[in-house]
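What follows is a short report on a single structure.
The values are calculated or read from the model by the stated rules, or taken from the named source; none is laboratory data. Note that the coordinates shown come from a computational prediction; the quantities given were computed from them, not determined experimentally. Please note: Cβ atoms are built from the backbone with ideal geometry, for glycine as well, and neighbour counts cover all protein chains shown. Ligands, DNA and RNA are stripped out before the accessible areas are found, and what is left, the full protein with its side chains, is counted by its heavy atoms. Shrake-Rupley method; radii C 1.70, N 1.55, O 1.52, S 1.80 Å.
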Amino acid sequence: MKRNIFNFKWSVFMMMLIGAMQLSVTSCSDDDSTGGTPEITAVRVPDPAKADSTFTKSGPGQVIAIIGKNLDHTLKVYINDQEVYFNPMMNTDHSVIVTVPSEADGFKLTAFNSDLKDEIRVETTHGTATYAFKITAPYPSISQVKADYPRETGDSLYLYGLNLVDVEKIYFTDIESAQLDSTVWETPGGNHVEVTDFKEVLQDHHLNKLNQSYETSSVLGLVVPELGFEKGTLVVECAAGTTYVGFYKYPGQPVISYLSSEMPVHGEKVVIRGLELVDVQSITYGDVTVPYEDITQSDTYTEVSFIFDKEPAVGCKDLTLTTSGGSVSVPFYNYACMLFNFDDYGTDLGWSPAAELMEVDEEYPPYSASGQYASFDIGNVAQQWWGTMVYFIREWGTEFNGHNLFILPSYDVIPADASTKDIYLACEIFNNNTRWDESTAESPKNAYIRYYIHTTTGELQYDNGFDWEDYNLMWGKFAHPVLCDIDNQQPQREWYRHVVSLDDLGFKGTYADVVAAGLDEVRMQIINQSTVAMKVSFFMDNVRLYYRKPGTNY
């Protein structure tokens, strides 16, 4: 229903514009004169939900309607002193519709080019109209606050983040950040103290190659004003929007925003990122306490790491990090999520060619592991449609309606309504210099992994990471890099967590749907159907389900 309402409103909006065009055409047929001096009175966006709103700023890529009088016979439109394309067929006496170009298309923002003007200029056959209008940088965000404790009046404080440009106002409020709504921003109540002494320390404006859009790595320096409170929120208002972060005179409640792996193997580096990770007193998980001297803390209070060297006892559910400001816990090493680990979870179906199960030798890769691991050290492979695999069930003799079902996590671990987009088939990988995505003339993308899941209904769920465009040319297109981590990276010669979402595997729905279908077989298999041979060497352990709660990265 909501979509139909949106489409209806959109249609009404467009009919209004077309009506204005028709009125203009009729007027021109009655009188060939061009009318009076052109004038811009407002700018709107073609969003039915905002049809009654006018705007004085917009981001790149936005379609805008320039509203006014005597705008017929438009010759050129300029934004930020740069000519932009407009469709003459959509030009009426009352409006001109344009799309603001993106920076990737060469459009320049006034935030980085002070010689340009924040204005729209419409040139017609009978005059020129201008209108003050801001094209903003992307939405700002704060990643960390750096300042020594205690943070006193007159101390220097540094804000690190993205797109902290076109700053309009910085202030402190005694309203704590947990009470603020970042999605619908309104200036909070409480006591405000404005920052009058701040400067730009760094503005690194660059192209993000992952999303092909421009962003700015920012550092702002400021002097802490005299405050009448010891904790609250530091707010930065930019032209593109408002961002904020908790502020504490003394170490505040720690916040974890990232965990490199929730089920690492022995010898793997575990990285924790967040805010207020200062004066770390302990890290515990289950029956294990990480020795204080083995914890590494960054001087920015945003990262803590340790080398995982002891598995917890069954019953572990969380990792807890404690600082002088408080404690925070995140899901960690819950054995209920384990499918098979080549030791005491799961049974090998015995299909060949099977990955060799190995014990670690500290002189050879992977140098460390938790018990046995699966080795895919198989040399050069080519023209292969059935390759080395791990192929496991829970165990023999546990049939349910003829199926040896894996025991899946309960709904208190993964909510029944959790989207399959947020649930992953995960495992730890040590990639021993396998160059998965190197291109050749015969095969721009060759070797990949095929994932197979069998359910009680006999359905086969595949995500082989390979989408044939021309079978004869062996020309493939990967949805994600092969054996990538959650950030689509492929670390080399170190243990890391590899993930592929159940949604990509073919499950479309919720976790309750997965539980109803059941899992009784899981296979992960190397395939290279190309004529080009490729060396494959990697190792695998701890195959499991992993749930990432929306809004988090752990």
TODO: Determine the shape class of the range 286-385: with a ≥ b ≥ c the square roots of the Cα gyration tensor eigenvalues, call it rounded for a/c under 1.5, and otherwise prolate if a/b is greater than b/c, oblate otherwise.
DONE: prolate
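How would the range 147-268 be classified by its alpha-carbon gyration tensor: rounded, prolate or oblate, with rounded meaning a/c under 1.5 and the a/b versus b/c comparison settling the rest? Before the final figure, lay out each step's value.
Details: a/c = 1.64, a/b = 1.23, b/c = 1.33.
Since a/c reaches 1.5 but b/c is at least a/b, the shape of the range 147-268 is classed as oblate.
Determine the gain in length on full extension of the stretch residue 53-residue 213; use 0.36 nm per residue of separation and subtract their C-alpha separation, reporting nm with one decimal. Could you put the intermediate results ahead of the total?
Details: separation 160, 0.36 × 160 = 57.60 nm, distance 2.76 nm.
Length gained, residue 53 through residue 213: 54.8 nm.
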Task: For the range 118-197: rounded, prolate or oblate by the Cα gyration tensor [a/c cutoff 1.5] - done: prolate
- [ ] Return the distance in nm (one decimal) between the two label points of a simple spin-label model at residue 320 and residue 364, each offset 7 Å from Cα along Cα→Cβ.
- [x] 4.3 nm
TODO: Set the Förster distance to 45 Å, then compute FRET efficiency between residue 281 and residue 357 from the Cβ-Cβ distance, nearest 0.05.
DONE: 0.70
Task: Anchor residue 421: aspartates and glutamates whose Cα lies under 14 Å away (excluding residues fewer than 8 positions away in-chain) - done: 463, 503, 504, 513
- [ ] Apply 1/(1 + (r/R0)^6) to the Cβ-Cβ distance of residue 155 and residue 230, taking R0 = 22 Å, and write down the FRET efficiency to the nearest 0.05.
- [x] 0.95
- [ ] Give me the angle, in degrees from 0 to 90, between the Cα long axis of helix 2-30 and the longest principal axis of the Cα atoms of the chain, rounded to the nearest 10.
- [x] 30 degrees
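The range 47-92: which chymotrypsin sites (Phe, Trp or Tyr not before Pro) are DSSP loop and have at most 15 other beta-carbon atoms within 10 angstrom? List each step's numbers first, then the result.
Details: sites: 55, 78, 85, 86; in loops: 55, 85.
For chymotrypsin sites (Phe, Trp or Tyr not before Pro) across the range 47-92 that sit outside H, G, I, E and B with at most 15 neighbouring Cβ atoms in 10 Å, the list reads 55, 85.
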Open item on the list: Tell me which trypsin sites (Lys or Arg not before Pro) from the range 134-167 have a DSSP coil assignment and no more than 16 other beta carbons within 10 Å of their own.
Closed with: none
Open item on the list: How far apart, in nanometres, would the label points at residue 305 and residue 178 be if each is projected 7 angstrom from Cα along the Cα-to-Cβ direction?
Closed with: 3.0 nm
Open item on the list: Loop only by DSSP, 16 or fewer other Cβ within 10 Å of the Cβ. Give me the chymotrypsin sites (Phe, Trp or Tyr not before Pro) in the range 355-426 that pass, ordered by residue number.
Closed with: 367, 385, 386, 396, 411
Task: Rounded to 5, the percent of DSSP beta bridges in the chain classed as antiparallel - done: 95 percent
- [ ] Could you state the accessible area per residue of the chain in Å², with a 1.4 Å probe and every protein chain left in place?
- [x] 48 Å²
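Tally Lys/Arg at +1 and Asp/Glu at -1 over every other residue whose Cβ is under 14 Å from the Cβ of residue 194; what's the total? If you can, show how the numbers build up before the last one.
Numbers: positive: 169; negative: 168, 174, 197, 226, 237.
Cβ neighbours under 14 Å give a net charge of -4.
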- [ ] Would you mind computing, in nm to one decimal, how far apart the modelled labels at residue 69 and residue 250 are, each placed 7 Å from Cα along Cα→Cβ?
- [x] 6.5 nm
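Over 28 Å between Cα atoms, which of 169/231; 199/249; 508/535; 76/209; 57/231; 269/317 qualify?
Over 28 Å apart, Cα to Cα: 508/535; 76/209; 57/231.
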